[in-house]
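J.: Here it is, the structure, as structure tokens.
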Amino acid sequence: MESVMKYFLYAFLLIQSMAAAMEEPSTMNWKTLTLHITDIDIKRPGEIVVMVFQEDGFPKDHEKAIRKYHIDPLEPHHQLSIQVPDGKFALKIHHDEDRSGTMTKNWTGFIPAEGVGFSSGAKVKFGPPSFKVAQMQLPDSGEASIAIIYP
């Protein structure tokens with residue numbers, strides 16, 4: 001019985017320490033960024049998804065985005081105000097043509113078949129850009145521009 005209690009105590013302490021180490025989006029200090037999205041191909045169906053990430057999950061794990069914004073691709077240029085954390089973050093913009101919630105790839109299995117853009121001018125090369133390459137902080141102007149690049 002004592003060993004079972006120790007097991008539960010260790011598990012509880014581990015969970016508590018992990019929870020303390022992870023900063024919840026609700027406790028972050030948020031700032032407003034005016035985002036200009038350019039080069040939207042309005043002939044393509046679907047939606048534009050803007051995702052705000054911290055390092056964890058960037059850029060593949062869309063579930064780990066700390067904020068998401070969904071936009072209909074009605075104009076080739078769209079401006080919106082988004083909430084970003086105070087400090088380092090990265091943005092991914094995905095033209096989700098099939099509304100699958102994931103990046104559709106071409107026949108190679110690793111090259112995007114849908115439009116995508118990243119903060120700091122980061123580009124897809126032999127894989128997605130790293131957080132280090134795409135990271136940014138809120139500019140003094142409070143504005144940023146990202147072009148969507150299509151295959």
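J.: How would you rank Val50, Val133, going from fewest to most other Cβ atoms within 10 Å of each one's own Cβ?
T.: Val133, Val50
J.: Ok, one more. Cα gyration tensor of region 54-111, axes a ≥ b ≥ c as square roots of the eigenvalues: rounded (a/c below 1.5), prolate (a/b > b/c) or oblate?
T.: It comes out oblate by the Cα gyration axes.
J.: Could you please rank Thr38, Thr27, Thr102, placing first whichever residue has the fewest other Cβ atoms within 10 Å of its Cβ?
T.: Ascending Cβ contact count within 10 Å gives the list Thr27, Thr102, Thr38.
J.: Taking the Cα of Asn29, stepping 7 Å toward and past its beta carbon, and measuring to each backbone N in region 123-145: which are under 18 Å?
T.: Once the point is set 7 Å along Cα→Cβ of Asn29, 136-142 turn out to lie under 18 Å by backbone N, inside region 123-145.
J.: Sticking with this structure for a sec: Report the gain in length on full extension from Asp56 to His77: 0.36 nm times residue separation, minus Cα-Cα distance, nm rounded to one decimal.
T.: Full extension from Asp56 to His77 adds 4.7 nm.
J.: Once every Cα of region 51-151 carries one equal point scatterer and solvent is ignored, give the base-10 log of I(q)/I(0) from the Debye formula at q = 0.12, 0.17, 0.19, 0.21 Å⁻¹, two decimals.
T.: -0.37, -0.77, -0.98, -1.21
J.: Same structure, new question: For region 52-61, what does the Karplus curve 6.51 cos²θ - 1.76 cosθ + 1.60, with θ = phi - 60°, yield as ³J(HN,Hα) per residue in whole Hz, taken in order and with x for Gly and Pro?
T.: Listing the rounded values in order: 9, 10, 9, 4, 5, x, 6, x, 7, 8 Hz.
Each reported figure results from applying straightforward, stated rules to the coordinates on display, with no laboratory input. Model, not experiment: these values are computed from the prediction. Quick reminder, even Gly has a Cβ in these numbers, built from the backbone with ideal geometry, and neighbours come from all protein chains shown.
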